[in-house]
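Engineer: One structure, as structure tokens, below. Some questions next.
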Amino acid sequence: MFGVNMPSTRRDLGNFGESAARSHLVRAGYTILVSNWRCRIGEIDLVVHQGDQIVFVEVRTRRAGGPVPPEESLSPAKLRRLRDLADAYMVEAKLHAHTPCRIDLIAIDIDRAGRIARLEHIVNAVEG
């Protein structure tokens, strides 16, 4: 399914990665609730459900061999924003404050042929 052409723009690369992440999550038994949820402070790539947990998923896609692996590309400011976005989603969705939730990261490397060289799902990647 993936690997026809190398995504040409940064946006195409991100869309490609998010599509791959959605497919991975569905195969792993997650239920996709929302893609690209937005509010005034930013965007959550994917909001999914697994068991009794709401899972907020940040997808980081990079071309393989780049200077920084996708999982290392999250700045402290982005980590704080992800926590704030998760809180904002919980409020907007009217979910109880004690609803189990976590923030995962899906790191994807794309090779020169446009194929997924690596997809790593890091559970509970963002603490707090």
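Read the figures in this text as sums done on the coordinates, not as results from a lab. Keep in mind that what you see is a predicted model, and the values were worked out from it rather than measured. With ideal geometry, Cβ positions are generated from the backbone for all residues, glycine too; neighbour counts draw on all protein chains shown.
Engineer: Quick one: R102 ticks every box in (1) surrounded by 13 or more Cβ atoms within 10 Å (Cβ to Cβ); (2) out of contact with any helix residue (DSSP H, G or I) (no Cβ under 8 Å at 6 or more places or on another chain); (3) of a type outside the set (A, V, I, L, M); (4) within 18 Å of N15 (Cα to Cα) except a single one, so which number is it?
Structural biologist: All conditions pass for R102, except number (4).
Engineer: Here is a follow-up. Quick one: is G29 part of a loop (DSSP other than H, G, I, E, B) and either under 21 Å from R10 (Cα atoms) or under 12 Å from the mean Cα position of the chain (by Cα) (or both)?
Structural biologist: no
Engineer: For the subset of the range 80-92 comprising residues that are surrounded by fewer than 16 Cβ atoms within 10 Å (Cβ to Cβ) and either without any contact (Cβ under 8 Å) to a residue 12 or more places away in the chain or closer than 30 Å to T9 by Cα (or both), which member is nearest to the chain's Cα centre (by Cα)?
Structural biologist: Looking at residues that are surrounded by fewer than 16 Cβ atoms within 10 Å (Cβ to Cβ) and either without any contact (Cβ under 8 Å) to a residue 12 or more places away in the chain or closer than 30 Å to T9 by Cα (or both), I get R83.
Engineer: Still on this model: Within the group R62, R112, which residue is touching a helix residue (DSSP H, G or I) at 6+ places or on another chain (Cβ under 8 Å) and either in a loop (DSSP other than H, G, I, E, B) or farther than 21 Å from R38 by Cα (or both)?
Structural biologist: After ruling out the rest, the residue left standing is R62.
Engineer: Okay, moving on. Being hydrophobic (A, V, I, L, M, F, W, C) and farther than 19 Å from H121 by Cβ: is that true of A97 here?
Structural biologist: So A97 passes the test.
Engineer: Pull up the range 109-128, narrow it to residues that are farther than 19 Å from Q50 by Cβ and hydrophobic (A, V, I, L, M, F, W, C), then point me to the one that is surrounded by the fewest Cβ atoms within 10 Å (Cβ to Cβ).
Structural biologist: Step by step, filter the range 109-128, then rank; the result is A113.
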